[in-house]
Amino acid sequence: MRTLGDDEVIRTLTRRGQGREPLGFGYAELAALVTPVVWGVLDQVSRRTIDMATDTAITRSRARLRRLMRRDRTVPPQVLPVLTPPEMALLRAHILERGAERGIALQDAEALADSVLARIATGTHPSLPSQPETPAEPEALA
C-alpha cells in the first residue's frame with residue numbers, strides 16, 4: 001500500500017469485495033490468526049497426556065515394588081530327586097571317576113559315593129556345620 005496514493009488506499013479499504021471473502025481477508029490470514037491458538041491447545045493436551053502417563057507408570061511401579069518387598073523370602077525345602085537304580089549306578093560311577101581325576105584314593109571315593117547315594121536314597125539333607133572344619137595341623141593337608 002506504500003506505492004499507492006491516499007485516494008487509492010481509501011478506495012481499496014472502503015470498497016466492497018466481490019462477496020467471496022465475507023470477513024474481508026483470506027484463508028492465509030485466518031490460518032495466521034488461528035495457528036497460535038491451536039498450537040497452545042495441542043501443547044497443553046500433549047503435556048497433560050504425558051503427565052497422566054507418567055503418573056500411571058509411577059503408581060504401577062510403586063505397587064509392583066510393594067508387592068515384591070512383601071513377598072516371603074524364605075527358601076522352600078529342597079526335595080531330592082528319586083533316582084532309579086541305573087541312575088544311582090551311573091551317579092556312583094561318575095563320583096568315582098571325578099574322585100580319581102582329583103587324586104582321591106579309591107577307598108575314600110567309594111566312601112564318598114556311598115554316602116551321597118545313601119543321602120539321596122533316604123532323602124536326608126546334610127546339616128551344615130556352624131563353623132567350617134579346619135585341620136589342626138598344616139601337614140594334614142598334604
Practice problem: Order the peptides 61-67, 91-97 from the highest to the lowest mean number of other Cβ atoms within 10 Å of their residues. | Solution: 91-97, 61-67
Practice problem: Provide the solvent-accessible area of LEU83, counting protein heavy atoms only and rolling a 1.4 Å probe, rounded to the nearest 10 Å². | Solution: 50
Practice problem: Per residue of segment 100-117, in order, report the coupling 6.51 cos²θ - 1.76 cosθ + 1.60 (Karplus, θ = phi - 60°) as ³J(HN,Hα) in whole Hz, putting x for Gly and Pro. | Solution: 5, 4, 8, x, 7, 4, 4, 5, 5, 5, 5, 5, 5, 4, 5, 5, 4, 5
Self-check item: Rounded accessible area of GLU87 (nearest 10 Å², 1.4 Å probe)
Solution: 90
Practice problem: Can you tell me how much longer the chain between ARG119 and GLU8 gets when fully stretched, taken as 0.36 nm per residue apart minus their C-alpha distance, in nm with one decimal? | Solution: 28.7 nm
Quiz item: What is the extension gain from ALA32 to THR54, computed as 0.36 nm multiplied by their sequence separation minus the C-alpha to C-alpha distance, in nm to one decimal?
Solution: 4.6 nm
Practice problem: Report VAL34's accessible area, 1.4 Å probe, all protein chains in place, as a number in Å² to the nearest 10. | Solution: 70
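The values are calculated or read from the model by the stated rules, or taken from the named source; none is laboratory data. Bear in mind the structure is a predicted one, so any value in this text is a computation, not a measurement. With ideal geometry, Cβ positions are generated from the backbone for all residues, glycine too; neighbour counts draw on all protein chains shown. For the accessible areas, the whole protein counts, side chains as well, though only heavy atoms, and no ligand, DNA or RNA atoms are used. Shrake-Rupley method; radii C 1.70, N 1.55, O 1.52, S 1.80 Å.
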